[in-house]
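K.L.:
Got a structure for you, questions after.
The values are calculated or read from the model by the stated rules, or taken from the named source; none is laboratory data. In this text, all values refer to a predicted model and were calculated from it rather than measured experimentally. Counting neighbours? That spans all protein chains shown, and the Cβs are built from the backbone with ideal geometry, glycine included. Keep in mind that these areas ignore ligands, DNA and RNA; they rest on the heavy atoms of the full protein, side chains included. Shrake-Rupley method; radii C 1.70, N 1.55, O 1.52, S 1.80 Å.
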Amino acid sequence: EMCIRDRGLIFQEVKTMNEATIAKKHEEVQVVREKISKAGSTLFVDYLGLTVAEVTELRVKLHAENCEMKVVKNNILRRATSEEGYTEMGEHLVGPSAIVVGHDEVSAAKVVYGFAKDHEKLTVKAGIVDGKVTSEKDLKALSALPNKEGMLSMLLSVLQAPIRNLACAIKAVSEKEN
């Protein structure tokens with residue numbers, strides 16, 4: 001009778017531990033979901049082969065651009081992305097994965113691809129930009145674009161050019177008459 005009671009106690013402890021593990025994993029999924037939903041862009045990268053110093057260097061560069069990198073288990077990533085409605089991301093989540101989250105659509109891709117030029121071991125699997133699953137090829141093209149502020153300044157200079165040219169022409173005419 002003592003042995004049976006002991007076994008029941010052990011089984012109950014294991015059951016409680018499993019419930020605690022499940023709750024912890026559920027919390028991790030919710031944290032990743034929140035990061036994905038609030039991010040302007042999310043990249044899924046394979047960091048295998050990078051040294052600790054290289055990963056730290058990448059994280060520092062990302063932090064400088066208000067981005068974040070976190071290593072997350074693929075099962076957690078699969079659940080978080082499918083709960084957010086990105087079920088097709090599951091096929092890309094094979095092997096070691098890290099999630100890179102950026103506040104805007106371009107900054108995370110710029111930093112990651114800039115870093116990947118010098119560190120070939122870092123590869124981008126796929127990403128989520130502006131609510132859409134994006135391929136590695138499209139993310140690479142996106143990284144070549146200027147950020148939002150850069151695009152706005154380019155637009156302003158294009159809009160300003162005709163007015164500037166008109167002012168220069170009027171000034172030239174007035175100087176010629178004098």
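K.L.:
Give me the percent of accessible area attributable to carbon and sulfur for segment 40-178, probe 1.4 angstrom.
P.N.:
So the carbon and sulfur contribution to the accessible surface is 57 percent.
K.L.:
Normalised radius of gyration for segment 14-75, please: alpha carbon Rg relative to 2.2 N^0.38 Å, two decimal places.
P.N.:
1.41
K.L.:
Hey, another quick one. Please work out how much accessible surface residue 22 shows to a 1.4 Å probe, ignoring ligands, DNA and RNA, in Å² rounded to 10.
P.N.:
Residue 22 has an accessible surface of roughly 120 Å² with all protein chains in place.
K.L.:
Here is a further query. Let's see if you can work this out: charge +1 on each Lys and Arg Cβ, -1 on each Asp and Glu Cβ, no other charges. What is the dipole magnitude of segment 27-155 about its Cα centre, in debye to the nearest 20?
P.N.:
80 debye
K.L.:
Counting only Cα, what are the radius of gyration and maximum Cα-Cα distance Dmax of the chain, in Å?
P.N.:
Spelled out, the Cα radius of gyration and Dmax of the chain are 25.5, 116 Å.
K.L.:
Per residue, how much accessible area does the chain have with a 1.4 Å probe, in Å²?
P.N.:
67 Å²
K.L.:
So what is the diffusion coefficient of segment 19-114 in µm² per second by Stokes-Einstein at 10 °C and 1.306 mPa s, using a Kirkwood Rh over Cα pairs?
P.N.:
115 µm²/s
K.L.:
What helices does the chain have that are whole DSSP H segments, at least 24 Å long along their own axis by Cα, and with mean Kyte-Doolittle hydropathy of 0.0 or more?
P.N.:
Helices meeting the criterion: 148-177.
K.L.:
Can you give me the C-alpha center-to-center distance between segment 48-72 and segment 107-148, rounded to a whole angstrom?
P.N.:
Between the Cα centres of segment 48-72 and segment 107-148 lies a distance of 14 Å.
K.L.:
Quick one: which of 35/117; 35/110; 38/140 span more than 24 angstrom between C-alpha atoms?
P.N.:
Those over the limit are 35/117.
K.L.:
Sticking with this one: Put +1 on the Cβ of every Lys and Arg and -1 on every Asp and Glu Cβ in the chain; which of 23, 174, 67 then has its Cα farthest towards the positive end of the dipole?
P.N.:
The residue sitting most towards the positive pole is 174.
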